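Right, one structure below, let's go through it.
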Amino acid sequence: VIRHSFGDLVIPAGFKCDFESVPKLIQLLPGMEKIGKGAVPGTIHDYLYATGIVSKPEADALYLEAMRQCRVGLLARWTKYLAVRLCGGPAWRGHRKTNV
């Protein structure tokens, strides 16, 4: 269970996600693997982007907090968070276009 101020979050069975969109070369670094401690936070982040139930900054902040609670290392956590904050706009906007 990830504790957060947005209330309960239930991700429906069958929700399609890529866990974390970490480039393959970066996945070779410790703590940066695609399926590891960040898989649950990545799934939550994908769901929040797909549904738009919170704003992008809120989704990104929740991703950071979920990674902290799942004990993703400090360097990996902040690297991934900064990546979605700085580069996640196209994915966010893409979901908004398809979910209008």
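The values are calculated or read from the model by the stated rules, or taken from the named source; none is laboratory data. This is a predicted model, so every value here is computed, not measured. Note: ideal-geometry Cβ built from the backbone for every residue, glycine included; neighbour counts use all protein chains shown. Quick note on the areas: whole protein, heavy atoms, side chains included, nothing else; ligands and nucleic acids left out. Shrake-Rupley method; radii C 1.70, N 1.55, O 1.52, S 1.80 Å.
Below, the figures for the structure above:
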| quantity | calculated |
| --- | --- |
| Set ARG85, ARG96: member being modelled with pLDDT of 90 or more and either open to solvent by 30 Å² or more (accessible area, probe 1.4 Å) or within 17 Å of SER5 (Cα to Cα) (or both) | ARG85 |
| Condition check for ASP8: at pLDDT below 85, part of a loop (DSSP other than H, G, I, E, B) and out of contact with any helix residue (DSSP H, G or I) (no Cβ under 8 Å at 6 or more places or on another chain) | yes |
| Yes/no for LYS24 being over 14 Å from the mean Cα position of the chain (by Cα) and modelled with pLDDT under 90 | yes |
| The listed residue being open to solvent by 80 Å² or more (accessible area, probe 1.4 Å), aliphatic (A, V, I, L, M) and either modelled with pLDDT of 85 or more or part of a loop (DSSP other than H, G, I, E, B) (or both), out of LEU29, LEU64 | LEU29 |
| Those residues of segment 35-57 which are out of contact with any Phe, Trp or Tyr (no Cβ under 7 Å at 6 or more places or on another chain), open to solvent by 40 Å² or more (accessible area, probe 1.4 Å) and not hydroxyl-bearing (Ser, Thr, Tyr), in sequence order | LYS37, VAL40, ILE53, PRO57 |
